[in-house]
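No lab work stands behind these numbers, since they all come straight from the coordinates. Just so you know, these numbers come straight off a predicted model, no measurement behind them. Heads up, the Cβs are rebuilt from the backbone with ideal geometry, glycines too, and the neighbour counts pull from every protein chain shown.
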Amino acid sequence: MRSGRVKKIDAMIVATFLSTIFYSSAYPHIHQIVITQLPSEAISYNQIINCIALIVTCAVWNKYSDKLFKYYNLFCTLETASYILIVTYAIRTDNLYGYYMLDTLDFAIITNNIIRGGTKLRAILYNTEKKRERFDNNNCIASSLATLLGSGISLILNLDINSLLIISAVGGCIDNVIYMGIYTKNRRCNHGTKDSNYQNQV
């Protein structure tokens, strides 16, 4: 028999790796289609809306992060549902402009809150300088490896826009589901006796 514990894998690293594979497989094609088919003002609207939303969201989280963090799973659930609804809308209407603006609003209103909550969650789980340093480095490695793999897949994919949107949405949903699990385990741990530093492992 083998002795010793089996080394566990950081669930956040897994989330990064899996979601990035899906995203980087579809994004090059989606980006090319958006740039060539949408008017330039759509890109400008995207930048303006997201910058304003980022400023507001960061300011609000700086003041109310403890209260907002309680709704982290709700934000993830809402984003998962919005992915499905927005992609369904794009497929049924073939309205790329409408899809792009809805996706912009989704990112501004929901995704920004998930990002802020993720920042707080990482601060809780990696609560020393060394732990955060190792996580950031390992997360970058996982992201880069997944991007290489996804970009390679992208080179051989010849899919229509609807299939690409579905692939991208699946990646986002996977990311949300894993982070919801991490958040839930961490919250339970705070009311129990286990070491919270191990509640982000699978």
Inset, instruction - Compute the FRET efficiency between Ile43 and Lys67 as 1/(1 + (r/R0)^6), taking r as their Cβ-Cβ distance and R0 = 30 Å, and round to the nearest 0.05. - result: 0.30
Inset, instruction - Rank these for me by crowding, Asp106, Asp136, Asp66, Asp175, going from fewest to most other beta carbons within 10 Å. - result: Asp66, Asp136, Asp106, Asp175
Legend entry - Qualifying trypsin sites (Lys or Arg not before Pro) for segment 11-73 [loop in DSSP, other Cβ within 10 Å: at most 13]: Lys70
Inset, instruction - Mind checking the full-extension length gain between Ala59 and Leu145? Use 0.36 nm per residue of separation minus the Cα-Cα distance, one decimal, nm. - result: 27.6 nm
Legend entry - Residue-wise HN-Hα coupling along segment 64-77, computed from phi with Karplus coefficients 6.51, -1.76, 1.60 (Hz; x: Gly, Pro): 10, 4, 4, 6, 5, 4, 5, 9, 4, 5, 5, 4, 5, 5
Inset, instruction - May I ask which residue of Val60, Leu159, Ile110 lies farthest towards the positive end of the charge dipole of segment 11-192, with charges of +1 (Lys, Arg) and -1 (Asp, Glu) on Cβ and the Cα centre as origin? - result: Val60
Inset, instruction - At 0.36 nm per residue, minus the direct Cα-Cα distance, what do Asp136 and Ile91 gain on full extension? Give it in nm, one decimal, please. - result: 12.5 nm
